[in-house]
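The values are calculated or read from the model by the stated rules, or taken from the named source; none is laboratory data. Worth saying up front: this structure is predicted, and the values here are computed from it rather than measured. Neighbour counts are summed over all protein chains in view; Cβ atoms, including those assigned to glycine, are modelled from backbone coordinates with ideal geometry.
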Amino acid sequence: MSTLIRLLAPVLLTGACLPDANEAALHTATVVHEMCSPTEVCAHPIALPHRASNPDAAQPIRYRITVPTSARADADGGWALVVLAEMNVEARTRTEALLNLSSSPGPHCNHWNQPALFVARTAPGAALPTEVFIDVLSPPGGHGGLRSVRLGGLRAATAHHRRLRGLMVTSAEIATAVALLSALLMFSVWVAKPKDRAYLYFSVACALFALNSLHYHVLNPPMSYWAWDSLMNAAVDGFIVSLVLFTRALTHRPPGRIVPGLILYGTVAALLPLLMPAQLKTLGHDTMHAGSLAIGAFGVLTLVKYRGQLSAPSRSVLVGAGIVFCVVGAHDLLRLTGLSPGLGLSLVPFGVLLMVIACVTALVGDLVRVLKLEQGLTATLEARVHEKTEALQQTHQHLLKVSHDKTLSEERERISRELHDGTAGQLVTLLAVLETEPQRDPAAMASFVREALDDLRMTIQSIDPTVASLAELLGTLRPFIEARVQQAGAELRWRVHTLDDSPTASDVLHAVQRILQEATTNAVRHGGISTLTIEARRTEATGLELVIQDDGRGFDAQATPGRGLRNMKSRAEQIGAQLLFETHNGVTLRLRLPDAPTSPAKGLRRPEP
């Protein structure tokens, strides 16, 4: 915004406050007559600015200017007129046409917002011609008129023309450049945030204003005068409608029926003048402009009513700029319709520039407010997340402690049960034999002790944290099983195929260990075996299968299973495994383990490497 002020300051100060010193020598036309015909003057002088209609395209609107007798040419004989008119103009004396040196020479369409400079030559320091004629070129049914005429020496007139053009045209060009940049920027933001239509409406408003500014640059429009004029006027009406849509979106008003109604009005404002007869087109444009001005006032009221939806700086800037825009719009409308002379120039470009700056300021302010709100919400969320994280960590630590205590309790209970059922039972048996048969064979006593020790070693082995897979368990149990089989005078055939080292739940490992121990004990103690085969394999049909087979006496399959078989079946069911047995030329046990054990991992496990 400061950059725009620096750009505009020279233009505004030069145009409004710092006229050239030579301009004091210029004379303002005060005696002006409208020509009733090419040769006749209407009876009464007219005051400028003046507006008239032109029903006949063959004849321009002609004015006769009475030149003050004190008006003189420069020392080199140059003199000039600076004319502000409603349409394109031509100037002449009774004897010659004046040369047009403005930025848009020659007759062309609707460059009413540019000053025209007409120059001529006479004797050095001589008085100017007593009369000058100015023709305002207007299409049939169109309006035209004369706003002001200043004449005098060429140097002073040229300085005055330059100042007027800087004030009227350059300021409009700066406003157009700002509008185009704003349109591109806001459209890019809308593409990134399509749900926020405020950016879309504002970009459309800026684009429409830039479209209206084409009449400063297009010398030969590619369409008829009325089509071009309707396009330019429709751009002004569309600009106002788009700004009102923008204010509603910015204050988060629901679309309802107002938004479709405003869009319909903008469409009617663009098409209605085209459909009206030539004599009524000017009236149609003025009517649409009046309606658009009323809609603009409605937009200002919307801002005032729902100002709480905006930040304080944005609210003040937008409301103030909206009021100023409505005032300058009313000024230009009254001037165009001839109801008031106004300040003699169009103020809408300045109003548009002010509105664009205000809207950009409001959008930036709204964006800053949203960013601050987002930062506040983010900080609040981070604080809550931190609190919840600490609470979850505390809960996690508590659950870990509870789980650890539960695991230790279960391990104690399991070890106690195994010592009671295994080692303690064997020791009780040994004690009973010693008490009742003190002369029994020492070798038999040693066998009892050895079995108790083996059972105790297996119990100790079951709590070894380094054993975490089935392959490691079988490798650890093999020496114990092989020693027991060899003590019975039998042969162990170990056929364990390659198994992976994937971790296995500890309760599964405990169950497999006890089933192997029970099966080996039964085979050695009761089977009368000569060979014991242990095989572990994985097949697609059965999955992981552990087979324990002997060539002993077997047992009666129809009889009620003994305690050993019942214990093994119970352990298999607890881990979701299947235990099958056959008795034919010995006993064959098949333990089929699930690929994904249903029992959770319990007990102590080997640390991860």
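With the checklist (1) farther than 22 Å from Met87 by Cα; (2) of a type in the set (Ser, Thr, Tyr); (3) in contact with a Pro (Cβ under 8 Å, 6 or more places away or on another chain) in hand, flag the one item Ser230 doesn't pass.
Among (1) farther than 22 Å from Met87 by Cα; (2) of a type in the set (Ser, Thr, Tyr); (3) in contact with a Pro (Cβ under 8 Å, 6 or more places away or on another chain), the lone unmet condition for Ser230 is (1).
Name the residues in the range 487-517 that are of a type in the set (A, V, I, L, M) and within 60 Å of the chain's Cα centre (by Cα), would you?
Passing the criteria: Leu499, Ala505, Val508, Leu509, Ala511, Val512.
Out of curiosity, is Ala432 among the small types (Gly, Ala, Ser) and at pLDDT 90 or above?
Against the criterion (among the small types (Gly, Ala, Ser) and at pLDDT 90 or above), Ala432 does not qualify.
Test each condition in (1) modelled with pLDDT under 85; (2) touching a Ser or Thr at 6+ places or on another chain (Cβ under 7 Å); (3) assigned to a strand (DSSP E or B) for Gly145 and report the one that comes out false.
Every condition holds for Gly145 apart from (2).
Let me spell it out: the conditions are (1) within 30 Å of Asn233 (Cα to Cα); (2) surrounded by fewer than 18 Cβ atoms within 10 Å (Cβ to Cβ); (3) at pLDDT below 80, and Val31 meets all of them except one. Which number is the exception?
(1)
I need every pair where a residue in the range 468-492 that is aliphatic (A, V, I, L, M) and at pLDDT 85 or above has its Cβ under 8 Å from the Cβ of a residue that is loosely packed, with under 15 Cβ neighbours inside 10 Å and assigned to a helix (DSSP H, G or I), sequence separation at least 6 or different chains.
Here the result reads Leu492/Gln486, each pair linking the range 468-492 to a residue that is loosely packed, with under 15 Cβ neighbours inside 10 Å and assigned to a helix (DSSP H, G or I).
Looking at Ala519, is it within 18 Å of Asp454 (Cα to Cα), in contact (Cβ under 8 Å) with a residue 12 or more places away in the chain and crowded, with 16+ Cβ neighbours inside 10 Å?
Against the criterion (within 18 Å of Asp454 (Cα to Cα), in contact (Cβ under 8 Å) with a residue 12 or more places away in the chain and crowded, with 16+ Cβ neighbours inside 10 Å), Ala519 qualifies.
Which of the residues belonging to the range 247-270 are touching a residue at least 40 places away in the same chain (Cβ under 8 Å) and either more than 21 Å from Asp332 (Cβ to Cβ) or of a type in the set (Val, Ile, Thr) (or both)?
Thr247, Arg248, Ala249, Leu250, Thr251, His252, Arg253
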